[in-house]
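The values are calculated or read from the model by the stated rules, or taken from the named source; none is laboratory data. What you see is a predicted model; the values in this text were computed from it and never measured. No Cβ is skipped: glycine too gets one built from the backbone with ideal geometry, and neighbour counts run over all protein chains shown. Accessible surface areas use protein heavy atoms only, side chains included; no ligands, DNA or RNA. Shrake-Rupley method; radii C 1.70, N 1.55, O 1.52, S 1.80 Å.
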Amino acid sequence: MLNFSFYNPTKIHFGEDQIQLIASEIPTDATVLMIYGGGSIKHNGVYDQVVNALAGHTWFEFSGIEPNPKYDTLMKAQDIIQQQGVDYLLAVGGGSVVDGAKFIAAAALYEGEDPWDILAKQHPVKQALPIGAVLTLPATGSESNGNSVVTRDGNKLPFSSPLVCPQFAVLDPKVTLSLSDRQISNGVVDAFVHTIEQYLTYSVNAKVQDRFAEGLLQTLIEEGPKALQPATKEDLAIRANIMWSATLALNGLIGAGVPQDWSTHMIGHELTGRFGIDHARTLSIVLPAVMKVKRNEKREKLLQFAERVWHLNEGNEELKIDKAIELTEAFFQNMNVPTRLTEVDITKDDIDGIVEKLEQHGMTQLGENKDITLEVSRTILEQAL
Ligand code: NZQ
Ligand code: ZN
């Protein structure tokens, strides 16, 4: 196992009707800015629950954060923060809203000239407003980590700081019942790929992390399809298992002390930035190709994945690996997400442009071995056609 320091400061309130607890989590003398997206929270009762919980606080609201939050939209929140003396942010929504709130929190107290430098030049965040989160879409783990991804002019860039990790997060599986099938699928697949990015590398004999990861993968494989089937889609126990899996997939726990890959995500970000494809749908396209192209380097873990997650105990090692990759693709197809670039109308002719963007963004040494050069990314993209 590699050395690590693990600290996760987010207090989780999990379960039905927990939204009311935000009243006691946010200091009563705080001036709160409730931040949300395109309005789904107004249709599923979440907005009303939050408003009721904030009855004893001074609060304002800022809405309109779009999926894959845009820098220009987020910067508009700075006016209300300055004018009203906002000193606490409450993000109510999916990963885009929580990520957006993180950037708003960092930009509000940024002392440099241009907050875009936090993303473009990776300027360190030295201070940020405190954040609480009410999660409405289990997927990203953003409710309990310090990561954020922001888009500007087709450039989708991440930043990370422990200072923007939410202080608390409310996870009520009931609020996920209003999700569309597309968003349910996206969430399950995103959480699955987060787990894989921290698991499918090379072995460092980290037994606990491996078994946690395998448990999350198996849970998502079992429960994901049920959340789409008419007979079981309203089942709150299924939603609860998916929601908690998604948080644990990216709250630092399974990634502590193990090598991490993240090439699927970095290549995927270019597909969203340039073509607007949903985050998870870029991952379901890129991951099988990464598995195929990096098969030799990932061999030991691919075999472990085959045997422990897919219970493939028959046949020789090559066959087991082939079958594990096949079953992963079949799982994605079962979740109704694409597994090929051509399914989202991206062709061979687009690959040059994607590789150029990777270069522009410094994504030239990806993967756990830093050996996914631009040429290897090109091979991965060709494999994904
Ligand atoms: O905007 P509203 O109206 O709320 O609608 C949203 C949005 O249209 C809707 N939605 C959310 N909860 C709902 C709901 N609709 C009905 N009922 C509910 N309960 O779903 C749509 C998509 O929301 P979004 O927040 O964009 O989805 P997701 O949670 O998948 O977040 C994706 C973003 O997170 C980033 C992605 O890159 C992308 O920008 N990521 C963040 C990470 C992190 N912070 O650690 C890691 C991830 O790998 C990812 O990169
Ligand atoms: Zn993701």
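For the reader, a short list of remarks on this structure follows.
- Those residues of region 256-300 which are of a type in the set (S, T, N, Q) and within 17 Å of the chain's Cα centre (by Cα), in sequence order: Gln260, Ser263, Thr264, Thr272, Thr282, Ser284
- Residues that are of a type in the set (Lys, Arg) and open to solvent by 80 Å² or more (accessible area, probe 1.4 Å) are absent from region 331-342 altogether.
- Only one of the listed residues (Asp210, Asp235) is in contact (Cβ under 8 Å) with a residue 12 or more places away in the chain and acidic (Asp, Glu). That residue is Asp210.
- Out of Leu163, Leu236, sole residue that is of a type in the set (A, V, I, L, M, F, W, C) and either over 30 Å from Pro115 (Cα atoms) or not assigned by TED's automatic domain parsing to the domain that holds Met75 (or both): Leu236
- Just so you know, in region 114-141 the residues that are of a type in the set (Gly, Ala, Ser) and in contact with a strand residue (DSSP E or B) (Cβ under 7 Å, 6 or more places away or on another chain) include one that is nearest to ligand 1 (Cβ to nearest atom), and it is Ala133.
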